[in-house]
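The values are calculated or read from the model by the stated rules, or taken from the named source; none is laboratory data. The structure displayed is predicted, hence computed values, not measured ones. Counting neighbours? That spans all protein chains shown, and the Cβs are built from the backbone with ideal geometry, glycine included.
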Amino acid sequence: MNALAQGTLTTKAVIIDKKNFFGNSPVSRQFAYSYQFSVNGQHYEGNSRDSDLRVGDSILIEYAPSNPDYNQVQQARTKR
């Protein structure tokens, strides 16, 4: 079972200068920056998958409390 499906915590992350190229992107040069966050003094990273974000931007991410290596950008919640 996916660790994120078992419940997550939310925290702030900062976009860092580490590029993640999309598919065939070394040719097209399209990329998204990584983000970094801390839990109990330990640093973790993830791929923002958002080419509009810039180094220094802050975003909310969610992570598995039992293993913060399992993390993702928090999806916008829609109001009903």
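Pull out all pairs, ordered by first then second residue, where Cβ-Cβ is under 9 Å, the residues are six or more apart or on different chains, the first lies in the range 31-57 and is of a type in the set (A, V, I, L, M, F, W, C), and the second is surrounded by 15 or more Cβ atoms within 10 Å (Cβ to Cβ) and assigned to a loop (DSSP other than H, G, I, E, B).
32/48; 32/53
Which numbered condition trips up residue 23, out of (1) within 13 Å of the chain's Cα centre (by Cα); (2) over 14 Å from residue 9 (Cα atoms)?
The failed condition is (1).
Pick out, from the chain, the strands (runs of 3 or more DSSP E) lying fully within it that include 1 or more residues that are modelled with pLDDT under 95 and not small (Gly, Ala, Ser).
9-21, 31-39
Report yes if residue 42 is surrounded by fewer than 16 Cβ atoms within 10 Å (Cβ to Cβ), touching a His at 6+ places or on another chain (Cβ under 9 Å) and over 19 Å from residue 2 (Cα atoms), otherwise no.
Working: surrounded by fewer than 16 Cβ atoms within 10 Å (Cβ to Cβ): yes; touching a His at 6+ places or on another chain (Cβ under 9 Å): no; over 19 Å from residue 2 (Cα atoms): yes.
Considered against the rule, which asks whether it is surrounded by fewer than 16 Cβ atoms within 10 Å (Cβ to Cβ), touching a His at 6+ places or on another chain (Cβ under 9 Å) and over 19 Å from residue 2 (Cα atoms), residue 42 comes out as no.
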